[in-house]
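Input: one structure, supplied below.
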Amino acid sequence: MPIMYNTGDWFVLRPTTYRKFDLYPPEWPLDLDLEYMSVACAPYGGPVAVTRDPNKIVPVKGTAKPVIRIFDTAGQELGKIWWNHGRLISMGWSDTEELICVQEDALVFIYDMFGNEKESYCIGQEASETKILDAKIFQSSAGTGIAVMTTKHRVFLKHTSSKDFRSRLLPEIPKSLTDCTCWEIVTEDRNSYCLLGREREVIKLFPGESVGSVIRNLFDKPFERIILMSVSYNHQNLALYTNNGIVWMGSIDMKQKYCEFDTGRKDIPKQIEWIMNVDNDQSEAIVIAYPSFLLVVNRNGDKNLFTYDPAIFLVAEMDGVRILTNTSHEMIQKLPKCVQNIFAINSQEPSSFLFEAQKKYQDKSHQADEYLSLFRDRMNVAVDECIEAAGYEFCTATQKSLMRTAYFGKGFIPAHNPDEYIRMLRTLRVLNALRHPRIAVPLTIKQFLYLKPEIILARLVFRKHYAIAIQVAKHLKLPESWILEHWAYHKVMNDRNDIEVARKITEKFKNPSVEGISFCNIAEKAHAAGRDELAIKLLELEPRTSLQVPLLLKLGKYNRAVQSATQSGDTELVATVLLEIKKKMMLTNFHMIIREYPMALNIYKKIMNEWSRTALYDIYNTEDDHKSIAEYHFRNALESKSLESNLSTIANSYTQGRRNIEAELCSDTSKLMKLQKTLNNKYSSIYGNVTFLGLSIHETIEKLLDLGEFKEAEKIKNDFKVPDRRFWWLRILNLSSKYKWDELEKFAKSKKSPIGYEPFVEVCLKQNNLTEARKYILKCRDDRKTHWYIRAELYEEAVDAAFEQRDINSLYVIQQKANTLGNRQLLDKIITYIAMLSSKK
Amino acid sequence: MFSYLQSQRRVNLQLLQESSCQQLELLLDKLEGTKAIILDDVLLGPLGLVAPPSLFSERGIKLLKLEKETRMPKDYVNIIYLVRPLVSIMDDIAGQVLKNSDKNRVFHLFFVPRRSCLCEKHLEQKGVYGSFGMVEELSWNFYPIENDVISMENPMAFKDVAIDGDPTALYQAAVGLVQLQRIYGRIPKIYGKGTMAQGVWERAKKLGAEEKLLSTGERGTIDQIILLDRQIDLLSAFATQLTYEGLIDEFYGVKQNKLTLPAELFAKSNERDGSPAHMTSEKKVILLNSGETLYPELRNKNFNEIGKILSRSAKDISAAMNASSQENSVQEMKRLVDKLPALLAQKQSVANHTTIAENIRKQLDAFEFTDDLAAEQEFMMCEDIDKPSGYIEDLMAKKADLKKVLRLICIQCAAASGFKEKVLTYYKRELVHVYGIEVLLKISNLEKAGVLYTQSESRAYAVLRKTLNLTVDEVIEVNPKDISYVHSFYAPLIARIVEQSLKPLGWQSLKSQINNLPGPTFEDFQAQLIGIGGRHSSTPSEGSSLNIPRVVLVFFVGGCTFAEIAALRFLAQDEDNNVEFVIATTKIINKNSFLESLLQ
């Protein structure tokens, strides 16, 4: 119904409608004329590579050296390749937007879109030796592939993405006198094969077969030879063009013929492409580009003609064909159903009514309601269609009015789910940004959804459109930190001012919304780019110290590496660093470094304690840690059982470490050991087999007492300043163990005991001599008597003593014991005493 | 298998067990073909704390002990070494791998809790590193040993840090804390005291900052963590514990909830089987955890209360048995039959514990024990701590066990907050005179560990004993009112600190009081998260008004005793405190094991 908007771009190929519309005019540089050029365009609005076509006679401007220039779709120059290799046969774009150039000797060079060489390899020796005639770059399920045809008419296939560099040889072409005139590569499932046109026949070279199969008699009309063939974007359809202007359209297996169409033209077309449908994966029409006009033909043989200035290049897309000329950049598309429903003349669809209603509503016309009443029950469909149609529009004004219509319409739907509406708004905003000539990636919504936002972001980042990439990421709620990281890489690679770069990067990274960004990754890049100073600056910014370590090691900043490792608190990391740098450094330098980090030093000591004791000694030495040196010698001496000879060294070290008592004890021990030898000699003769070796001072005295050598014992006691207390203990223990009770008593009475008399009781009890024990208990302090009576199990006495001391607690204890013994008499006594004591309180 | 971990508590430690177990399962299931695990002996106990035996039996995995000459099982495709990252172990492994390499056999190496470059280097040097298929780590840092206790099972933690200056244990603890927060949510409040404690927290904070997961979940279940250093309270570590569980540990040693006793102790009482105790050739193994019938009631009680509880339970059982024998209606019979297994288990339990208690009682009554305890308690009361102790001198003169002497010296030193130079010198000389010059190395270790030292200006213990009531005058061991019952009259300092911190503004008022203890006092705060599902706010007042107990994680860095655990459980039972504790430790220690770890 509405007669308006962009229907002027529409044309009909019965029964369907197509449209051809402008994207934006490219602004090619003045010195570029596509007419003399061979052009390779990447799909999905990708870059365009242009080089002089050697087969055309050209007025030479500037240098005669071949140059490949790369532009974006808006004509902005992205890069330039000075071609100084051999003869360039063919070029094309991979699915990752890399330019693939194939040279006569089958060498392949790969560039990024800025003209930086990325890699090069050879298709194969045979192809290289025989030279190649032509090459095709094709897309398959396994990525981009390259096919070359040698001068011997052999075809080799090679996938660029696959790791193995082997190429596959297709079967031989059946022998004939004439050469092939055209060829294409077709991918079917996982296989790629080659179709060749020769004379009146088509030859299919399928891998694995020994020889190609020939298909004849495709045409009804007479002709001499097939001169051009074209495979559709989805590899389902095939178009053949003959020398006398007849087009054959059919399925790829050539079993089905859609139509045969006589263009009636004698001039040779430059390019044929299939126009893929927008709504489904089908194709119903082809575009044929002649030097100065364009012919669109559909399966039914209906056609349309457009005239152009010379030089037309077609780019097949998944949902249409782009047309690139010197002055324009257009797209041919089958009209999406929803767009047609809304805008077609005399459309009776609800969406069309809705659109009209909305317009009337804006004009404040009552007719709005009349329109609405026509389709109220199908409002859902109408709104959905408007939203969908907006996606297909390139014109922002149309998008707006369609979205406005949808907005208007959804108001009439109770509980409308706005998800799709919102998603479309978001997507459109991104698409419009991408289609802006500054960005120059004119994607359709179908392409956008197929590529996925992540890939599109990656492409934006690669084109260095960081700002817009971040905005897009934010808008689509995708992670954005990696974009910043890329931006930082770019800065690192291109900005020569270290301080400036570091400053800019920190400024950007300070933003708290940016999470999980790693300064280390960027520093790593800086290092790879040979900018170590910058790398270190960047590393300093990394808050996670543990991440700094590997790169610091790589940079040779050992001191910093140790520092960072210790700061991280991770001992394992410290150990790794230590092992690593020890290999690379002079030992003295190494010691110097680790001395400053006590934790590292400790870990090193611990490692060396297991690996190399001498290294341990070295480190103690550099530290002047004499106490540790002493202990080091000490341990070694103990292990090698050579304590005696080492004691003076040990004592020395202790003295140096100001450990006087330890030093003194060492010299004492040394003295003791000498003495023990003399004792050995002296007493072995008397008592036979006795040895003092290895005994402590205390034990030596004990042994001497045991032997009855009291004088000698006393001498040692004095020499080594053994306290009286311990000496007395030794005496009484010795006497009691030999049951010399008289002597013990004599000893007790010899002078006032420095240890009191409780030990006497204890030793008697130990030998179960109650009589003797009793004697000494009497000599004990009153408050201890009860305790010893109890221990002697002399409960009667204990009770009395406790009563005397008014020690009610002890009485309870005895009561318990008496209970277990069942001594009634005693119990009674205790109870009386307890009663007496508690009453007195 | 892990029924003892189930409880109505807010923090369900079974989750920890499950997550640890899952790690192992994931690794095991990556390997195809038959598997045999060769296990580091020390890991046997900890493994049992996270992985049920069914995990291995279901998969047909054979478990073997790692020995110098482990016989390689035939017909197993995958040989997995499950070991600690120790270089000495690597030597054994390298030897076995060299001897047994075979086309049809793949070796794997799982480190617990972390892989180590030292070990890997060592294997490289031995030329066997290439023989390993998978080299992985099982990041098991905390093992749940009770429904309120997690342990790192690292007995050397204190020694490594204090003596060798090797903070690996602190790092592992930090990793463990991050893992806990991953399961139970971020802990908003942090208090701590001591250098090691701070070391743990600083590392945990750094690691946690890198952890994205922690910042996304909703509010966690743990409200607060208190990290306390063993260093601030060495006295309690060396003190004799007087709780039932503490005494069992000191006399017999409890290993990962298992108590192994010589079977002859049970010669008489061992009549019935089907109890949680298994007989092995000469040993009887008893599982001691809250899954046992009587143990949860007994474990935290002062030993002097144990007799009563046991006799009461014995009476209960016989009453239950008798009551049923009189009433003979069918329903009664049925009820009896239903109850019978539980009753029998209870009976067995009473029998076991009576045997254990009798044996402990015998040892407690020995004069040797009471004399030691008396000396120890005098030190706690700060009596005669500034001069060489007569009792210790006598012990040395009698050439008593060196460890016993050293322990008492350590207690004296802790109580005196450091010896006078003269006293320390005197002890050193005496020790060398009696026990020989080698003892110097042991003393040196104790000095490095900060256990033996010369006096500083402040007498922290003497002051705190007063201000924090570390010793109480009235000894109440049965139905106690105060945590001091765990050592009869002495309250372990760390438990007291925790108790104080529970009060309103507790930590603030504590700060000045514990300032004299070694190491920094610190507190920290982790941003609360805007979780919609978040629970109540964590301020104590609001918490208690809602009557949901606060959950406090108390981390003993350097080990804790059963007595200290008992003290904390006692605090948690007090409803006024309205608190639930999760107790974390590097290892459960007692006076003997702690000293031994330092002397090595």
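Of the residues B:514, B:494, only one is surrounded by 15 or more Cβ atoms within 10 Å (Cβ to Cβ), at negative phi, in contact with a Cys (Cβ under 9 Å, 6 or more places away or on another chain) and at pLDDT 85 or above; which?
Of the residues listed, the single one that is surrounded by 15 or more Cβ atoms within 10 Å (Cβ to Cβ), at negative phi, in contact with a Cys (Cβ under 9 Å, 6 or more places away or on another chain) and at pLDDT 85 or above is B:494.
Mind listing just one residue for me: the one in the range A:658-688 that is under 30 Å from residue B:454 (Cα atoms) and away from chain B (no Cβ under 11 Å) and, of those, surrounded by the most Cβ atoms within 10 Å (Cβ to Cβ)?
A:671
For residues that are part of a helix (DSSP H, G or I) and either under 60 Å from the mean Cα position of the chain (by Cα) or of a type in the set (Ser, Thr, Tyr) (or both), tally how many sit in the range A:729-779.
Going through the range A:729-779 one residue at a time, the tally reaches 5.
Let me ask something additional. Please work out which residue is farthest from the other protein chains (Cβ to nearest Cβ), limiting yourself to the range B:367-380 and to residues that are surrounded by 14 or more Cβ atoms within 10 Å (Cβ to Cβ) and not aromatic (Phe, Trp, Tyr).
B:380
Just for the range A:620-650: of the residues that are under 22 Å from residue A:677 (Cβ atoms), out of contact with any helix residue (DSSP H, G or I) (no Cβ under 7 Å at 6 or more places or on another chain) and not small (Gly, Ala, Ser), which one is farthest from the other protein chains (Cβ to nearest Cβ)?
Ranking the candidates gives A:641 first.
Identify the residue in the range A:52-77 that is at pLDDT below 90 and either aliphatic (A, V, I, L, M) or assigned by the TED database to the domain that holds residue A:436 (or both) and, among all such residues, is surrounded by the most Cβ atoms within 10 Å (Cβ to Cβ).
Only one residue fits best here, namely A:74.
Taking the stated definitions as given, is residue A:330 among the acidic types (Asp, Glu), modelled with pLDDT of 90 or more and touching a strand residue (DSSP E or B) at 6+ places or on another chain (Cβ under 6 Å)?
Yes, satisfied.
Considering only the range A:229-248, state which residues are under 16 Å from residue A:264 (Cα atoms) and either buried (at least 19 other Cβ atoms within 10 Å of the Cβ) or touching a strand residue (DSSP E or B) at 6+ places or on another chain (Cβ under 7 Å) (or both).
Correct list: A:240, A:241, A:242, A:243, A:245, A:246, A:247, A:248.
Kindly indicate whether residue B:334 is outside the structural domain of residue B:591 (by the TED database) and within 26 Å of residue B:312 (Cβ to Cβ).
Judged against the criteria, residue B:334 is not a match.
Looking at the range A:808-841 only, could you name the residues that are surrounded by 12 or more Cβ atoms within 10 Å (Cβ to Cβ) and not in a helix (DSSP H, G or I)?
A:823
So residue A:480 passes all but one of these: (1) surrounded by 21 or more Cβ atoms within 10 Å (Cβ to Cβ); (2) of a type outside the set (A, V, I, L, M); (3) within 14 Å of another protein chain (Cβ to nearest Cβ). Which condition number does it fail?
Condition not satisfied by residue A:480: (3).
Have a look at B:59, B:115 and point out the one that is within 14 Å of another protein chain (Cβ to nearest Cβ) and modelled with pLDDT of 85 or more.
None of the others qualify; the one that does is B:115.
What is the one condition in (1) away from chain A (no Cβ under 14 Å); (2) crowded, with 16+ Cβ neighbours inside 10 Å that residue B:364 does not satisfy?
Going through (1) away from chain A (no Cβ under 14 Å); (2) crowded, with 16+ Cβ neighbours inside 10 Å one by one, residue B:364 breaks only (1).
Could you please give the count of residues in the range A:277-298 that are in a loop (DSSP other than H, G, I, E, B) and either under 48 Å from the mean Cα position of the chain (by Cα) or surrounded by 18 or more Cβ atoms within 10 Å (Cβ to Cβ) (or both)?
Selection size over the range A:277-298: 7.
Take residues that are within 18 Å of the chain's Cα centre (by Cα) and tell me which of the helices (runs of 4 or more DSSP H) falling wholly in the range B:1-58 contain 1 or more.
Those helices (runs of 4 or more DSSP H) span B:14-30, B:44-50.
Checking residue A:125 against (1) touching a residue at least 12 places away in the same chain (Cβ under 8 Å); (2) within 29 Å of residue A:196 (Cα to Cα), only one condition comes out false. Which one?
(1)
Which condition number in (1) touching an Asp or Glu at 6+ places or on another chain (Cβ under 8 Å); (2) facing chain A (nearest Cβ under 9 Å) is the one that residue B:437 fails?
All conditions pass for residue B:437, except number (1).
Just need a number here: residues in the range A:571-607 that are at the interface with chain B (Cβ under 7 Å from one of its Cβ atoms) and either buried (at least 19 other Cβ atoms within 10 Å of the Cβ) or in contact (Cβ under 8 Å) with a residue 40 or more places away in the chain (or both).
9
So, one more: From the list B:121, B:68, pick out the single residue that is away from every other protein chain (no Cβ under 14 Å), farther than 30 Å from residue B:552 by Cβ and out of contact with any Gly (no Cβ under 6 Å at 6 or more places or on another chain).
Result of the check over B:121, B:68: B:68.
Return a yes/no flag: does the range A:608-619 have any residue that is surrounded by 19 or more Cβ atoms within 10 Å (Cβ to Cβ), of a type outside the set (Gly, Ala, Ser) and away from chain B (no Cβ under 11 Å).
yes
Shifting gears a bit: Looking at A:417, A:346, can you tell me which residue is surrounded by fewer than 23 Cβ atoms within 10 Å (Cβ to Cβ), within 47 Å of the chain's Cα centre (by Cα) and assigned to a loop (DSSP other than H, G, I, E, B)?
Answer to the selection: A:417.
Please verify whether residue B:153 is outside any strand (DSSP E or B) and not assigned by the TED database to the domain that holds residue B:32, treating the condition exactly as stated.
Yes.
Can you name the residue in the range B:97-112 that is outside any loop (DSSP other than H, G, I, E, B) and within 34 Å of the chain's Cα centre (by Cα) and, of all such residues, is farthest from the other protein chains (Cβ to nearest Cβ)?
B:107
Table: residues versus (1) over 36 Å from the mean Cα position of the chain (by Cα); (2) of a type in the set (Ser, Thr, Tyr); (3) buried (at least 21 other Cβ atoms within 10 Å of the Cβ); (4) part of a helix (DSSP H, G or I).
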{"site": "A:358", "(1), (2), (3), (4)": "yes, no, yes, yes"}
{"site": "A:364", "(1), (2), (3), (4)": "yes, no, no, no"}
{"site": "A:368", "(1), (2), (3), (4)": "yes, no, no, yes"}
{"site": "A:372", "(1), (2), (3), (4)": "yes, no, yes, yes"}
{"site": "A:380", "(1), (2), (3), (4)": "yes, no, no, yes"}
{"site": "A:456", "(1), (2), (3), (4)": "no, no, yes, yes"}
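Right, next: Exactly one of these conditions fails for residue A:691: (1) of a type in the set (S, T, N, Q); (2) part of a loop (DSSP other than H, G, I, E, B); (3) within 14 Å of chain B (Cβ to nearest Cβ); (4) surrounded by fewer than 19 Cβ atoms within 10 Å (Cβ to Cβ). Give me its number.
Failing condition for residue A:691: (3).
Please return the ranges of strands (runs of 3 or more DSSP E) entirely within the range A:89-192 where 2 or more residues are hydrophobic (A, V, I, L, M, F, W, C).
So the answer is A:99-103, A:107-111, A:132-140, A:143-150, A:155-159, A:182-188.
Here is a follow-up. May I ask you to verify whether residue A:543 is within 13 Å of chain B (Cβ to nearest Cβ), under 25 Å from residue A:532 (Cα atoms) and in a loop (DSSP other than H, G, I, E, B)?
Yes, satisfied.
The values are calculated or read from the model by the stated rules, or taken from the named source; none is laboratory data. Keep in mind that this is a model prediction, so the values were computed, not measured. Positions of Cβ are backbone-derived with ideal geometry, glycine not excepted, and every protein chain shown enters the neighbour counts.
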